[in-house]
Amino acid sequence: HNPSIMFYGDLKNTITAKDVPYISEYIKKAHPLSYNVVIDAALGKAEDIGVIKVCECGIKPGLAVNKDLPLTGDASIIGVVGERSVSGRFMPQITRLSLVYKMAQTISRGITEYIKLKENSIEYNYFKTENKIEDPVPLKA
């Protein structure tokens, strides 16, 4: 458990489109120097259903369902859970809950592994502790 990492919202306690402006403002005030990663479900092409995209930019949540919400986050992880219809409407009856759950598990495992790698990296430990490391060697990807 890393106390410097905060999570807001999950599958049980979701942040809805109407919550986004308030939560975004709260996070900016509560954690002004934080780097915010937004995780959201999205609609896309049929062949992209099940794809998880990691982007070095925030997102405009609700865009696929014609919501006009502010840009949120510094980076994003987006899971394509359904196909965008011709009308632009979301059709929840064709979104499989098992897919959403599996994607959430995959994203969660990815974040957990990233945090473990980051905490064990030379650079992280160099700044985290007062130990002096002579010529730190970055880990290879």
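Structure summary
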| read-out | value |
| --- | --- |
| Region 11-36: number of residues that are outside any helix (DSSP H, G or I) and open to solvent by 80 Å² or more (accessible area, probe 1.4 Å) | 8 |
| The lone exception for Pro61 - which of (1) in contact with a Leu (Cβ under 9 Å, 6 or more places away or on another chain); (2) part of a strand (DSSP E or B) it fails | (2) |
| In region 62-84, residue modelled with the lowest pLDDT [restricted to those that are over 25 Å from His31 (Cα atoms) and open to solvent by less than 30 Å² (accessible area, probe 1.4 Å)] | Ala64 |
| Tally, over region 40-54, of residues that are open to solvent by less than 80 Å² (accessible area, probe 1.4 Å) and within 9 Å of the chain's Cα centre (by Cα) | 1 |
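The values are calculated or read from the model by the stated rules, or taken from the named source; none is laboratory data. Note that the coordinates shown come from a computational prediction; the quantities given were computed from them, not determined experimentally. Don't worry about glycine lacking a Cβ; one is built from the backbone with ideal geometry, like all the others, and counts go over all protein chains shown. Remember, those area values only see protein heavy atoms, side chains included, never the ligands or the DNA or RNA. Shrake-Rupley method; radii C 1.70, N 1.55, O 1.52, S 1.80 Å.
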